[in-house]
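What follows is a short report on a single structure.
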Amino acid sequence: MNQHTSLPPIPFIDVGAQRRRLGRAVDDAVARVMAHCQFILGPEVKAFETELAKFCGARHAVSCASGTDALMLALMAKGIGPGDAVFCPSFTFSATAEVAALVGATPVFVDVDADTFNIDAKGLAAALDTAKRAGLAPKAVIPVDLFGLPADHDAVAAVARSAGLFVLDDAAQAFGASHKGRPLGTFGHATATSFFPAKPLGCYGDGGAVFTDDDTLAETLLSLRVHGQGSDKYDNVRIGLASRLDTIQAAVLIEKLKIFPDEIAARDRAARRYAEGLGDVAIVPKVPAGLTSVWAQYTLRIAGGRRDKIAASLKAEGIPTAIYYPIPLHRQQAYKHYPVGAGGTAVSDQLAAEVLSLPIHAYLDAATQDRIIDAVRRALKR
C-alpha cells in the first residue's frame, strides 16, 4: 500500500474546528434565544446588523434569509424587471444570474479576467451595446468578488456611471476583503453577502445581508423582507418576500463575527503558504496590489487537460478538491438562451476546464497543508 493512502482524510472546510474554538460562546448565545423565544426578528438580529455595518463601514446592514435573497431584494427594491438588462459575469455561481431572471429581467453574460476570475470591465462596456441591440434597457451590473477577491470596482464603477447602471456588488464569497483600503460592503449602490456555512463568515443554516449607504433603499429592503409591509405586517405597500434571518442564526453570527478578523488573517497565512509551496509548479492565484482576499477558495489552474487526473490522484491520498465552476453560466441549460456580451466568453470557458480548488480555512495547520502541497507537487510531476 502507498504510505500516503493510510493517512486520515482531510476535510475540505473544517467547520468543526471553528465550532470547537467557539465552544460555550455559541451554546450560551443559542440558549439566550431559546430563553426569550423571539425566534423571528428577535433582539439579536438588530444587534448583529449593527455590528455587521460597523465592521465594514456601511451605513445600513439589512439581514435576510440567504445570499440569493440578498441579491434579489436589492433588484426588487430598485424596481428592476421585464425589459431590463442585468449584466453578470459568466464564471460564477448561478445565483448571480438567477436573481435577474427571477425578477423578470434579462441577465447578459460578460467574460472575466484570466488573472482575477472577476468581471472584465472592458467586456462590460461591450455588453452594453449587445443589450441595446436586443431591445433591452441596461439597468444594473452585478460584479462578483469571486473566491474572496474583490472585483475591479474602480473600472466597473466607471462603466456603470457612464451608462447609469445600478451597481450591486455580489460579495457572497468575499465579505471581509478590502479594495484599496475600503472593506467590501461599501462599493456600488448596494452589496449583498451570504452566510451559508461554507462561507468565510458562515452561520449554521442559511442567511444573508444587504449593505447600503442609501437610507431610502434600506427602508425599502426592510419592507420587502417582510412581505412588503408598510406601517405594520398587515399593511402591505409592495410585493415582497418572507426573507428574514432567524434569531438563532443572528446569535451565532454575533459570536463568529468576534473572531472573524483573526480567521481572515489565518486564511491569508494559509494562502501564502500555498503560493510559496506551489508557485513554481502550478498557476496559483494572485492578489493585485491594493486588494486583500478572504480566500473563500484557493483555486489553481491546471492546464493541458490534466485536471481530472490530478484531482483523482489527490483523492486517492485522502485530499479533497472541488471544481468551481465546471460549466460557465452561459452554457448551462437554464441560462444558455440569454445574451452574451460582444467579445464572447473565451476566458470563462477556459477557466471552467482548468480550475481546481484545494482545502483552505482558518484552521488549516501547517503540517496538514504541507501534506497537501507535497501531494499536489507529486501529482503534477507524474
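The values are calculated or read from the model by the stated rules, or taken from the named source; none is laboratory data. For clarity, every value in this text was computed on a predicted model and none was experimentally measured. Quick reminder, even Gly has a Cβ in these numbers, built from the backbone with ideal geometry, and neighbours come from all protein chains shown.
Data table
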{"item": "Residue within segment 47-68 that is assigned to a helix (DSSP H, G or I), within 30 Å of Ala100 (Cβ to Cβ), outside the structural domain of Ser313 (by TED's automatic domain parsing) and charged (D, E, K, R) present", "result": "yes"}
{"item": "Within segment 280-321, considering residues that are part of a strand (DSSP E or B) and in contact with a helix residue (DSSP H, G or I) (Cβ under 9 Å, 6 or more places away or on another chain), the one farthest from Leu146 (Cα to Cα)", "result": "Ile283"}
{"item": "Residue match in segment 216-227 (condition: surrounded by 22 or more Cβ atoms within 10 Å (Cβ to Cβ), more than 20 Å from the chain's Cα centre (by Cα) and either assigned by TED's automatic domain parsing to the domain that holds Ala322 or in a loop (DSSP other than H, G, I, E, B) (or both))", "result": "yes"}
{"item": "Selection within segment 118-140 - small (Gly, Ala, Ser), surrounded by fewer than 18 Cβ atoms within 10 Å (Cβ to Cβ) and in a helix (DSSP H, G or I)", "result": "Ala126"}
{"item": "Residues that are among the hydrophobic types (A, V, I, L, M, F, W, C) and buried (at least 16 other Cβ atoms within 10 Å of the Cβ), drawn from segment 296-326", "result": "Ala296, Leu300, Ile302, Ile310, Ala311, Leu314, Ile319, Ala322, Ile323"}
{"item": "Residue count, segment 296-313 (criterion: under 13 Å from Ala352 (Cα atoms) and under 26 Å from the mean Cα position of the chain (by Cα))", "result": "7"}
{"item": "Residues that are surrounded by 20 or more Cβ atoms within 10 Å (Cβ to Cβ) and either outside the structural domain of Tyr325 (by TED's automatic domain parsing) or more than 16 Å from Asp115 (Cβ to Cβ) (or both), drawn from segment 273-291", "result": "Tyr274"}
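Quick grid of which residues meet (1) at pLDDT below 95; (2) crowded, with 20+ Cβ neighbours inside 10 Å; (3) touching a Cys at 6+ places or on another chain (Cβ under 9 Å):
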position	(1), (2), (3)
Leu146	no, yes, no
Ala172	no, yes, no
Phe196	no, no, yes
Lys199	no, yes, no
Val210	no, yes, yes
Ser231	yes, no, no
